[in-house]
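Trainee: Next up is a structure, given as structure tokens.
FYI, it's all coordinate maths here, none of it is from the lab. In this text the structure is predicted, and so the values were computed from the model without any measurement. In this analysis, Cβ positions are derived from the backbone assuming ideal geometry, glycine residues included, and neighbour counts consider all displayed protein chains.
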Amino acid sequence: MKYLSKINFIPVLVLFLLLSFAVHSQQTTVPGTPGKTENVRKDIDRSALIAYAKQYLGTPYRRAGSDPRKGFDCSGFVDFVYRHFDLKLPRSSREFKAIGTALKPEEFKVGDVLVFYGFRDKSHIGHVAIVCEANGMKSRFIHASSGRKHSVTISDLDTDGYRRRFYKCIDVIR
């Protein structure tokens, strides 16, 4: 008789877990991209996201890297940080060109993703980063840099190199 109450509890537990998962992984249409869907997490604490990202400051740059023990490239770092918060984003920086709606500088928020052209070619996306201090075009961002720092670092958007390569800023959290 005492096992009967435990057996009745199992279906209730399974139902609870299934409902929790369904609510947690809702899909929605990405603004500005008709028909394209992505996972959306409106409950992400933006300051917690930045605190998590800052734990990896100094991690070496590694082409195609997405592992903090080996190193990150820019999109590998962005993917790693957001994946920790159960938000799936494109793994390639080039794919960011097609998602989201560009924000006006006064709309930039901590946790938004900055998208940049490549060094040589303004027809290709070549870099992505996460806004860590929002102040329009004077914002600061955390990213895996292949430049002089050659590691995860914080940079200013209001520098010649980044300002001229800036393509857009998108809110992937909403």
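Yes or no, residue by residue, for (1) without any contact (Cβ under 8 Å) to a residue 24 or more places away in the chain; (2) over 18 Å from LYS54 (Cβ atoms):
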residue	(1), (2)
PHE72	no, no
SER75	no, yes
ASP79	yes, no
HIS84	no, no
LYS88	no, yes
SER92	yes, yes
ILE99	no, yes
LYS104	yes, yes
VAL115	no, yes
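Residue-wise test of (1) surrounded by 20 or more Cβ atoms within 10 Å (Cβ to Cβ); (2) in contact with a Leu (Cβ under 9 Å, 6 or more places away or on another chain); (3) outside any loop (DSSP other than H, G, I, E, B).
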residue: ARG69; (1), (2), (3): no, no, no
residue: LYS97; (1), (2), (3): no, no, yes
residue: ALA102; (1), (2), (3): no, no, no
residue: PHE116; (1), (2), (3): yes, no, yes
residue: LYS122; (1), (2), (3): no, no, no
residue: ALA129; (1), (2), (3): yes, yes, yes
residue: ARG148; (1), (2), (3): no, no, no
residue: ILE154; (1), (2), (3): no, yes, yes
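Trainee: So, of the residues in the range 131-146 that are touching an Asp or Glu at 6+ places or on another chain (Cβ under 9 Å) and of a type in the set (A, V, I, L, M), which turns out to be surrounded by the most Cβ atoms within 10 Å (Cβ to Cβ)?
Mentor: Residue satisfying both the conditions and the ranking: ALA144.
Trainee: So in the range 104-114, with the set limited to residues that are in a loop (DSSP other than H, G, I, E, B) and under 12 Å from the mean Cα position of the chain (by Cα), which one is farthest from ARG174 (Cα to Cα)? Let's see the steps before the verdict.
Mentor: Going through the range 104-114, the residues in a loop (DSSP other than H, G, I, E, B) turn out to be 104, 108-112.
With under 12 Å from the mean Cα position of the chain (by Cα) added as a condition, the list becomes 110-112.
Details: VAL110: 11, GLY111: 10, ASP112: 9 Å.
The selected residue is VAL110.
Trainee: Which of the residues belonging to the range 156-172 are more than 19 Å from ARG46 (Cβ to Cβ) and of a type outside the set (Asp, Glu)? Spell out how you get there, then give the answer.
Mentor: Taking the range 156-172 and keeping what is more than 19 Å from ARG46 (Cβ to Cβ), we get 156, 158-167.
Across the range 156-172, the qualifying residues are THR159, GLY161, TYR162, ARG163, ARG164, ARG165, PHE166, TYR167.
Trainee: While we're looking at this one, here's another question. Can you tell me which residues in the range 71-95 are among the aromatic types (Phe, Trp, Tyr) and either under 21 Å from ASN135 (Cβ atoms) or not in a loop (DSSP other than H, G, I, E, B) (or both)?
Mentor: Going residue by residue through the range 71-95, those that are among the aromatic types (Phe, Trp, Tyr) are 72, 77, 80, 82, 85.
Once the filter is applied, which keeps residues that are among the aromatic types (Phe, Trp, Tyr) and either under 21 Å from ASN135 (Cβ atoms) or not in a loop (DSSP other than H, G, I, E, B) (or both), the range 71-95 yields PHE72, PHE77, PHE80, TYR82.
Trainee: On to the next question. Search the range 71-95 for residues being farther than 13 Å from VAL172 by Cβ and not small (Gly, Ala, Ser), and hand back the single one that is surrounded by the fewest Cβ atoms within 10 Å (Cβ to Cβ). Don't jump to the end; show me each part of the working.
Mentor: Pass one, the range 71-95, residues farther than 13 Å from VAL172 by Cβ: 71-74, 76-77, 80, 84, 91-94.
After this cut, where a residue has to be not small (Gly, Ala, Ser) as well, the list is 72-74, 77, 80, 84, 91, 94.
Numbers: PHE72: 27, ASP73: 23, CYS74: 21, PHE77: 27, PHE80: 21, HIS84: 13, ARG91: 16, ARG94: 15.
Ranking the qualifying residues of the range 71-95, first place goes to HIS84.
Trainee: Residues that are touching a residue at least 12 places away in the same chain (Cβ under 8 Å) and under 18 Å from ALA53 (Cα atoms): does the range 119-127 have at least one?
Mentor: Checking the range 119-127: at least one residue is touching a residue at least 12 places away in the same chain (Cβ under 8 Å) and under 18 Å from ALA53 (Cα atoms).
Trainee: Determine which member of the set ILE130, ILE99, ILE125 is on the phi < 0 side of the Ramachandran plot and under 11 Å from the mean Cα position of the chain (by Cα). Don't jump to the end; show me each part of the working.
Mentor: Details: ILE99 fails: under 11 Å from the mean Cα position of the chain (by Cα); ILE125 fails: under 11 Å from the mean Cα position of the chain (by Cα).
Residue meeting the stated conditions: ILE130.
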